[in-house]
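Down below is the structure, laid out as structure tokens.
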Amino acid sequence: MSLTGLPLLILLAALTVAGFVAVVRFWPRLAAQGPRSLAGRAGALAVTQVLLLATVLAAANNYFGFYGSWRDLVSVATGHYAASAPSPLGAAQNGSGITINSHGTLPIPGGADPARGGRLDDVTVRGQLTGLSAHALIYLPPQYFQASYRKTLFPTVIVSSGYPGDVTKLVTLLRYPARLVDGINAGQDKPMVLVMMSPMIISGRDTECTDVAGGGPRAGEFWSVDVTSAVERTYRVSQDASGWGLVGDSTGGYCALKLAMLNSDRFSAAASLSGYFDALQDGTTGDLYGGDPVFRRQNDLLWRIEHLPSPPIAALLTTSRTGESNYGPTMQFARDAKSPMRVSTLVRASGGHNFNTWNAEVPAALQWLSSHLAASAS
Amino acid sequence: MGVTSKLFLVILGLLALAACGLTIWRWPRLAGRGPRPVAGRIGLLLTTQITVLLAVAALTNDLFGFYTSWSDLFGVGSQRYQLKDSGVVRPDVNAAQLQAGKTATPASQTSQSPGSGPKATEVNTTLVGLRSGITAGLEVFLPPEYYAPADGRRYYPAIVVDDTSDPGVATLSSDLMSGKQPPPQAVVVIVHGDHHRHIPCVSEPDAASAEQFWGQDLRTAVADSYRVRLSPAAWGVMGGGPGNGGDCAIALALEDAGRYSAAAVFGRWQHPGPPDSPADPAWWLRNYPAPPSRLLFAATGEPPQAILGPVRPPLQAMSAPGPADELQTLDWLAQTLQNGAPQS
């Protein structure tokens with residue numbers, strides 16, 4: 001049974017109600033004096049409570065899309081993260097590295113016609129250099145299918161969810177594609193291709209988009225080189241850094257900013273929504289830096305901006321004065337950034353680390369990316 | 001009382017505990033038959049469940065910092081924001097890494113002495129790495145046809161020659177300019193350390209700035225100044241001599257195969273670092289998929305398998321027995337590379 005979706009939710013809800021009814025029905029059996037009855041009451045309360053919490057958690061997971069599969073959840077719970085095994089010959093990928101699993105459309109008026117609503121491709125990206133692979137949703141805007149744009153190489157944005165986060169929520173909850181269409185129709189946004197992914201490219205693991213030390217998965221290389229080159233080979237998109245950008249919330253924001261800073265020959269703009277700057281390491285990341293303080297520091301974006309040359313990219317950093325813990329670091333980053341880097345900021349008076357905030361910021365981020373990325377002609 | 005205030009959390013926690021305690025304590029009182037005890041059970045159980053759930057939710061929210069105010073929680077807060085747009089990066093930053101005034105001075109092609117073939121054009125310039133902060137002296141050799149009007153739109157592959165270790169490729173520069181052999185059909189860039197200072201390679205401890213230098217600063221500066229595309233298919237790297245230029249070339253084609261697709265080494269191979277360390281190309285190939293790069297080992301004294309371990313496709317490794325000739329090695333690279341034109 002899938003972790004997400006109605007069947008599990010209905011089962012859990014039914015069990016919760018059944019547990020509740022059973023406790024009310026068999027209440028008198030635990031009414032006696034003595035330690036056994038007391039323990040029985042506590043146990044009955046605990047069981048009903050656990051069932052209720054499980055139902056609420058499953059519902060929250062369904063809505064916010066933290067974990068997409070049992071495998072993700074088990075990996076996090078046990079701390080054993082298995083990378084999708086690289087093919088032993090490293091050569092099995094003929095062609096582009098992108099397998100299209102299905103074509104979809106957006107549930108918007110006229111959305112069934114690609115020239116009006118664009119197309120949503122469900123794909124698997126296989127990295128030629130890293131051997132990693134990931135599920136991605138690629139949105140092609142309506143203009144991609146219009147004759148007057150036949151020769152346009154579209155600007156392209158990699159969109160990352162937070163951690164934990166499921167890629168489908170970028171479409172259904174944060175609604176990047178629908179908001180892009182709104183922005184294009186309002187004359188605020190350029191037509192852009194969106195490549196949507198989750199930082200969980202290794203089931204359950206938070207790699208922080210790092211080339212993990214000691215022979216670990218090269219997640220940074222996967223995002224910056226494997227994904228960009230596979231998309232360039234498959235779709236009519238820009239092949240120049242001036243046409244490539246990144247956006248993400250939370251961990252996705254850290255990833256967006258770090259990938260652009262470290263690969264400014266491939267990306268020219270990054271929007272970090274409520275992103276942090278420090279080189280995180282905890283139970284969900286596992287050992288990322290191999291115990292090497294120098295390597296860890298190189299993944300600390302505040303350290304980089306203070307001590308290393310600032311890369312030639314534009315960045316948009318969002319925060320709020322109350323409700324976000326990244327206000328101070330964001331202002332510090334903006335202050336320490338040197339030319340040629342350009343740091344724009346979006347500051348709200350209040351707002352926490354949640355989907356209300358990101359829902360309010362996504363249209364602004366898309367518009368900012370539009371004005372910082374360029375299409376090119378083929 | 002804020003949604004994350006200590007007082008609020010403590011009150012919720014106490015309420016939950018009290019509800020649990022009350023339920024367990026009062027349990028026997030509600031064990032009777034009839035609608036009133038049953039309603040009492042339902043009410044008490046519901047109260048326990050809701051108070052515990054609220055306490056857990058509030059603690060979780062506080063731990064992860066999702067919602068920090070009531071208006072945020074209920075989505076009724078102001079959605080207004082202030083956006084300060086600092087604009088875009090100047091488009092010429094990559095080309096500007098090459099110091100101005102020295103980049104576009106083609107030597108006269110009319111002064112060929114009889115008996116010698118067409119000569120390359122040599123440009124001496126200094127690269128100040130935008131991302132790495134590393135400064136390097138560059139000798140850029142353009143093919144004889146580079147400035148011919150008919151050739152004006154032709155793109156060339158680029159070959160980087162690592163001459164940052166001492167002594168390096170002493171004679172290559174004069175060989176290229178002598179006109180004894182036709183120069184390779186590629187833009188050849190000999191990289192010298194600033195004041196003969198060694199420039200680290202991607203396999204060395206200061207790898208972060210090295211990656212930025214070899215992979216990005218050097219490539220973007222050349223591609224934005226000459227007719228060279230950034231595609232890895234257009235980029236090769238050569239090293240040799242008794243220094244460590246050779247293993248740097250190999251390391252680039254293995255570890256940064258998204259930017260360099262070919263490498264050539266000439267002269268005796270020296271193992272970089274201890275075997276089975278990340279600096280060893282065999283270690284890299286044991287741990288990661290083989291990249292689609294092409295490697296040439298010219299007169300290295302060892303077969304490629306002795307250096308790399310088993311060579312799996314799509315990686316290709318070839319060896320050429322000595323004596324090593326720098327120009328021949330360059331030619332091999334020029335032929336194995338493409339000009340990086342998009343495949344259509």
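Got at least one residue in segment B:249-269 being surrounded by fewer than 19 Cβ atoms within 10 Å (Cβ to Cβ) and more than 25 Å from the chain's Cα centre (by Cα)?
Within segment B:249-269, one or more residues are surrounded by fewer than 19 Cβ atoms within 10 Å (Cβ to Cβ) and more than 25 Å from the chain's Cα centre (by Cα).
Contact map, segment A:34-56: residues that are closer than 18 Å to B:L46 by Cβ paired with residues that are buried (at least 20 other Cβ atoms within 10 Å of the Cβ) and not hydrophobic (A, V, I, L, M, F, W, C), Cβ distance under 6 Å, separation 6+ or inter-chain. Pairs shown: A:L51/A:T16; A:L52/A:T16; A:L52/B:Q49; A:T55/A:T16. Set side by side, the residues B:T51, B:T60 differ, and just one is out of contact with any strand residue (DSSP E or B) (no Cβ under 8 Å at 6 or more places or on another chain), more than 7 Å from every other protein chain (Cβ to nearest Cβ) and modelled with pLDDT of 95 or more, which is B:T51. The selection criterion, being charged (D, E, K, R), buried (at least 23 other Cβ atoms within 10 Å of the Cβ), under 19 Å from B:A257 (Cβ atoms) and in contact (Cβ under 8 Å) with a residue 40 or more places away in the chain, holds for A:R218. Is it true that A:L170 is closer than 17 Å to A:S272 by Cα, of a type outside the set (V, I, T) and in the same structural domain as A:S272 (by TED's automatic domain parsing)? Taking the combined requirement at face value, the residue satisfies it. Within segment A:27-49, the residues that satisfy the criterion of being within 26 Å of A:L9 (Cα to Cα) and within 10 Å of chain B (Cβ to nearest Cβ) are A:A42, A:A44, A:L45, A:A46, A:T48, A:Q49. What is the number of the single condition among (1) out of contact with any Gly (no Cβ under 7 Å at 6 or more places or on another chain); (2) loosely packed, with under 15 Cβ neighbours inside 10 Å; (3) within 14 Å of chain A (Cβ to nearest Cβ) that B:P321 does not meet? The single condition B:P321 does not satisfy is (3). When A:K338 is tested against (1) crowded, with 19+ Cβ neighbours inside 10 Å; (2) in contact with a Ser or Thr (Cβ under 6 Å, 6 or more places away or on another chain); (3) under 25 Å from B:G215 (Cα atoms), just one condition goes unmet, and that condition is (1).
Can we say B:T68 is at the interface with chain A (Cβ under 8 Å from one of its Cβ atoms), farther than 26 Å from A:W27 by Cβ, surrounded by 18 or more Cβ atoms within 10 Å (Cβ to Cβ) and under 60 Å from the mean Cα position of the chain (by Cα)? Yes. Taking the criterion of being outside any helix (DSSP H, G or I), touching a residue at least 60 places away in the same chain (Cβ under 8 Å) and closer than 27 Å to B:A233 by Cα, would at least one residue in segment A:268-289 satisfy it? Scanning segment A:268-289, I find at least one residue that is outside any helix (DSSP H, G or I), touching a residue at least 60 places away in the same chain (Cβ under 8 Å) and closer than 27 Å to B:A233 by Cα, so the answer is yes.
Taking residues in segment B:192-203 that are within 15 Å of B:S132 (Cα to Cα) and small (G, A, S), and partners anywhere that are in a loop (DSSP other than H, G, I, E, B) and at pLDDT 75 or above, the pairs with Cβ atoms closer than 8 Å and at least 6 places apart or on different chains are B:G193/B:T164; B:G193/B:I199.
Give the residue, chosen from A:R296, A:R348, that is under 23 Å from B:D62 (Cα atoms) and of a type in the set (K, R).
After applying the criteria, what remains is A:R348.
Rundown of residues vs (1) of a type outside the set (A, V, I, L, M, F, W, C); (2) in a helix (DSSP H, G or I); (3) more than 9 Å from chain B (Cβ to nearest Cβ); (4) over 30 Å from A:N185 (Cα atoms), yes/no style:
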site	(1), (2), (3), (4)
A:S325	yes, no, no, yes
A:Q332	yes, yes, yes, yes
A:R335	yes, yes, yes, yes
A:K338	yes, no, yes, yes
A:V343	no, no, no, no
A:R348	yes, no, no, no
A:N356	yes, yes, no, no
A:A364	no, yes, no, no
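Number of residues in segment A:256-309 that are aliphatic (A, V, I, L, M), crowded, with 21+ Cβ neighbours inside 10 Å and more than 10 Å from chain B (Cβ to nearest Cβ) equals 11. One residue stands out in segment A:121-150 among those that are in a loop (DSSP other than H, G, I, E, B) and small (G, A, S): the one that is nearest to the other protein chains (Cβ to nearest Cβ), namely A:G131.
Quick check, is A:L153 in contact with an Asp or Glu (Cβ under 9 Å, 6 or more places away or on another chain), part of a helix (DSSP H, G or I) and over 22 Å from A:W70 (Cα atoms)?
Judged against the criteria, A:L153 is not a match.
Here A:R304 does not fit the description of being in the same structural domain as A:G253 (by TED's automatic domain parsing), assigned to a strand (DSSP E or B) and over 21 Å from the mean Cα position of the chain (by Cα). So, A:G162, is that one in contact (Cβ under 8 Å) with a residue 60 or more places away in the chain, in a loop (DSSP other than H, G, I, E, B) and under 20 Å from A:Y276 (Cβ atoms) or not? Answer is yes for this residue.
In segment B:9-31, the residues that are at positive phi and within 13 Å of another protein chain (Cβ to nearest Cβ) never reach a residue that is among the hydrophobic types (A, V, I, L, M, F, W, C) and buried (at least 16 other Cβ atoms within 10 Å of the Cβ) with C-beta atoms less than 6 angstrom apart, at least six apart or across chains. If you check A:G95, A:G110 for being at pLDDT below 85 and either in the same structural domain as A:N356 (by TED's automatic domain parsing) or part of a helix (DSSP H, G or I) (or both), only one passes: A:G95. Residues in segment B:41-53 that are without any contact (Cβ under 8 Å) to a residue 12 or more places away in the chain and either surrounded by fewer than 17 Cβ atoms within 10 Å (Cβ to Cβ) or under 55 Å from the mean Cα position of the chain (by Cα) (or both): B:I42, B:G43, B:L46, B:Q49, B:I50, B:L53. Taken over segment A:108-137, residues that are under 17 Å from the mean Cα position of the chain (by Cα) and β-branched (V, I, T) amount to 3.
If you go through segment A:347-373 and keep only what is closer than 23 Å to A:V195 by Cα, at pLDDT 95 or above and of a type in the set (A, V, I, L, M), you end up with A:V362, A:A364, A:A365, A:L366, A:L369, A:L373.
Annotation note: of A:T285, A:T330, A:T319, A:T357, the sole residue that is under 21 Å from the mean Cα position of the chain (by Cα), under 29 Å from B:T220 (Cβ atoms) and of a type in the set (S, T, Y) is A:T330.
The values are calculated or read from the model by the stated rules, or taken from the named source; none is laboratory data. In this text the structure is predicted, and so the values were computed from the model without any measurement. Backbone-built Cβ (ideal geometry, glycine too); neighbour counts: all protein chains shown.
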